[in-house]
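Undergrad: Handing you a structure now.
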Amino acid sequence: MPAPTIVWFRDDLRVADHPALAAAAERRAPVVCVFVLDEESAGIRPLGGAARWWLHGSLEALRADLEALGTTLVLRRGAAGRVIRSLVDETGADAVFWNRRYGGPERDLDTELKTALADDGLEVRSFGANLLFEPWTIRTGQGTPYSVFTPFWRACLAAPEPRHPLPAPERLAFADPGDRSGRADVATDDLASWHLLPTRPDWAAGLRETWAPGSAAAHDRLEAFLDERLGDYDVDRDRPAIDATSRLSPHLRWGEISPFEVWNAVRERRTTDPRGETTSRGRFLAELGWREFAWHVLFHAPDLATRNWRAEFDVFPWPRLHPSALQAWEQGRTGVPLVDAGMRELWRTGTMHNRVRMVTASFLTKNLLIDWRRGEQWFWDTLVDADAASNPFNWQWVAGSGADAAPYFRVFNPLLQATKFDRDGAYVRRWVPEVDSEEYPEPIVDLGESREAALAAYRVVRGARAEG
Ligand code: FAD
């Protein structure tokens, strides 16, 4: 009996277009599929509450998909390097395969483990699966990383086209991997023992109503989007009251669907769609491009969630925090309707429309003058798509401290934004039904005055830049 191959699942909770799993299946040896809940290794950011909720559902779905292929999912908790090495000892595996991660601490951990396992004589292979373009392949003419999206995306589009997705293996049941070590089974944790789901209080009712984690749901969403909404995406994507976008972000975050699957499905519609939706298609692919850009930026600046990408923002004079203002923002009680609607949508459903994410983030950083890191952390805890790159990248983009960022002096006016993108007020009324009643509070800040205060604070950054 050949020795088993371990496939370590991380941000790629799917069986199709999974290069590590496909390569393991080709070895025609037993395959041990494992997911490690790592809350111990240095630098790995602990998951937020909404992400933990999603992960539970996603692991259940992955286990079912693997069982359909004749194997199962082994769950282990602990420092990932130690856990994988102990699984190698238990199973007698002679190979460990995984798909690459791009965060700094994750890369350090993977590199160290790869070296240690290879020194022990194991075959260790890593694959590109979660980004369309590997970060080190897209470079300016000078060999530096791009810091502006448009030339970055142009360079991506000029690079070799992303590959076609791989099919799921037909079967993985080459033998019981426990056979080699004389065990009936490889021990696994009980998922319930990880307590990923909230209990008291159970705040996840709105998440359950809104989402179905797992690859099958991700593919259904993609198909429905391509059939019903892609054509008008360019026109409608900024209107939060209507369901105009793909809502694929949490599925992409956990890798239940790969960007290659999405990319190719969209490209294939080009030949079959009679409406000739070139603009919408291009726009949608460019949104996938923003996801790529965020990851490329994080790859080169691993501390993106804690440090200003533009160092001159380090002198920004954030005033002393008013906890009550932060709390009013978190709870959707600022008295500014579009902001409150977004924050309540987030709390209830674990997501928020992109346009409203920009408005709420601008309001926090520029009208309330609260450090972007506070907002980033709240989104990290409450978003089902909370992503180690996209979240800090976009927060810094709005705050003005990030790559290709909106200039600091562009302060979104939430009232004008509502007039423009929620003209009939349907989105605001859905989430703030009391908006026109006396119950609804006055704004906690004067929008005009706070904007002026923000611009005055920004002059400190400009001054520092001029001096530097
Ligand atoms: P679609 O419009 O259908 O876009 C398709 C896909 O492209 C998305 O699923 C997503 O993967 C990607 N995408 C779209 N816009 C962006 C963007 N601006 N940056 C990066 N990728 C993008 N997105 C996350 O996935 N995780 C986050 O933690 C996150 N935090 C954000 C925080 C702030 C302050 C802001 C302004 C934006 C944030 N975004 C984040 C980006 C964006 O809001 C969401 O990706 C989008 O709303 C998801 O909805 P959708 O899947 O329907 O998007």
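Undergrad: Residues of the range 394-427 being within 16 Å of the ligand (Cβ to nearest atom), assigned to a helix (DSSP H, G or I) and surrounded by fewer than 22 Cβ atoms within 10 Å (Cβ to Cβ), which ones?
TA: Once the filter is applied, which keeps residues that are within 16 Å of the ligand (Cβ to nearest atom), assigned to a helix (DSSP H, G or I) and surrounded by fewer than 22 Cβ atoms within 10 Å (Cβ to Cβ), the range 394-427 yields GLN417, PHE421.
Undergrad: Which of (1) farther than 28 Å from GLU345 by Cβ; (2) at pLDDT below 95; (3) among the hydroxyl-bearing types (Ser, Thr, Tyr) does SER193 not meet, given it meets every other one?
TA: The single condition SER193 does not satisfy is (2).
Undergrad: Which residue pairs have Cβ atoms closer than 6 Å, lie 6 or more positions apart in sequence or on different chains, and pair a first residue in the range 229-242 that is in contact (Cβ under 8 Å) with a residue 40 or more places away in the chain with a second residue that is in a helix (DSSP H, G or I) and hydrophobic (A, V, I, L, M, F, W, C)?
TA: Close Cβ pairs (under 6 Å, with a partner that is in a helix (DSSP H, G or I) and hydrophobic (A, V, I, L, M, F, W, C)) amount to TYR233/PHE284; ASP238/PHE421; ARG239/PHE421; PRO240/VAL356; ALA241/ALA426.
Undergrad: Still on this structure: Does any residue in the range 389-414 that is of a type in the set (Asp, Glu) come within less than 6 Å, Cβ to Cβ, of a residue that is within 13 Å of the ligand (Cβ to nearest atom) six or more places away or on a different chain, and which pairs are these?
TA: Close Cβ pairs (under 6 Å, with a partner that is within 13 Å of the ligand (Cβ to nearest atom)) amount to ASP404/PHE149.
Undergrad: While we're looking at this one, here's another question. What about ARG451, is it in a helix (DSSP H, G or I), outside the structural domain of ALA244 (by TED's automatic domain parsing) and surrounded by 16 or more Cβ atoms within 10 Å (Cβ to Cβ)?
TA: When the stated conditions are applied, ARG451 passes them.
Undergrad: Which ones in the range 205-238 are assigned to a loop (DSSP other than H, G, I, E, B) and surrounded by fewer than 19 Cβ atoms within 10 Å (Cβ to Cβ)?
TA: Within the range 205-238, ALA212, ASP238 qualify.
Undergrad: Another question, then. What pairs come out if I take residues in the range 429-457 that are in contact (Cβ under 8 Å) with a residue 24 or more places away in the chain and over 16 Å from VAL336 (Cβ atoms) and pair them with residues that are surrounded by fewer than 16 Cβ atoms within 10 Å (Cβ to Cβ) and not aliphatic (A, V, I, L, M) whose C-beta lies under 8 Å away, six or more apart or interchain?
TA: Listed by first residue and then by second, the contacts come to LEU455/PHE409; ALA457/PRO317; ALA457/TRP318; ALA457/PRO319.
Undergrad: Something else now. Would you tally the residues in the range 94-115 being in contact with a helix residue (DSSP H, G or I) (Cβ under 7 Å, 6 or more places away or on another chain) and either of a type in the set (Gly, Ala, Ser) or closer than 18 Å to LEU47 by Cβ (or both)?
TA: So the answer is 4.
The values are calculated or read from the model by the stated rules, or taken from the named source; none is laboratory data. Just so it is clear, the model here is predicted, and its values are computed rather than measured. Positions of Cβ are generated from backbone atoms using ideal geometry, with glycine treated the same way; all protein chains shown enter the neighbour counts.
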